[in-house]
Amino acid sequence: MGTLFPLILLGTAGLVAYWLAEGITKGLPSFTMIYNTACPHCAAILPTFKLFSVPGVATTWVESRWSQIKVSAVPAFIFTDARGISEFYTGPRDPASWAAYLKQKINP
């Protein structure tokens, strides 16, 4: 199973600083889901996301009320590479699509 770290997003720079300070990702890229507990789409996908893993990628999730990264809709997914550069994932919301995207990002 992959590395699972629920955490509070502090904005991209703060998030990376937190990870580095805590040694959580140890230079690994990460894939984060921002969700809202009142959102039925989030409630449906969160259990699947919590079990999702790709070797070499830290998987994290955070409730939107704690996130300083503003999103227009939830669930939202953010990929952050090992250098701390982030981008929103906009593809399909299923494990096979996430895995294909992450493999492409970490092995271009």
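Rule-based calculations on the coordinates, nothing more; no lab input. All values reported here derive from a predicted model rather than from experimental measurement. All Cβ positions, glycine included, derive from the backbone under ideal geometry; neighbour counts span all protein chains shown.
Computing FRET efficiency as 1/(1 + (r/R0)^6) for R65 and N107, where r is the C-beta to C-beta distance and R0 is 35 Å, gives about 0.50.
In this simple spin-label model, placing a label point 7 Å from the Cα along the Cα-to-Cβ direction at both D81 and L51 gives a separation of 3.2 nm. Extension gain, A73 to A96, is 6.1 nm, computed as 0.36 nm per intervening residue step minus the present C-alpha separation. Residue order for F77, F88, fewest other beta carbons within 10 angstrom first, comes to F88, F77. Close amide H pairs (under 5 Å, H built 1.01 Å from N) link W61 with F5, L7, M33, residues at least 5 positions away or on another chain.
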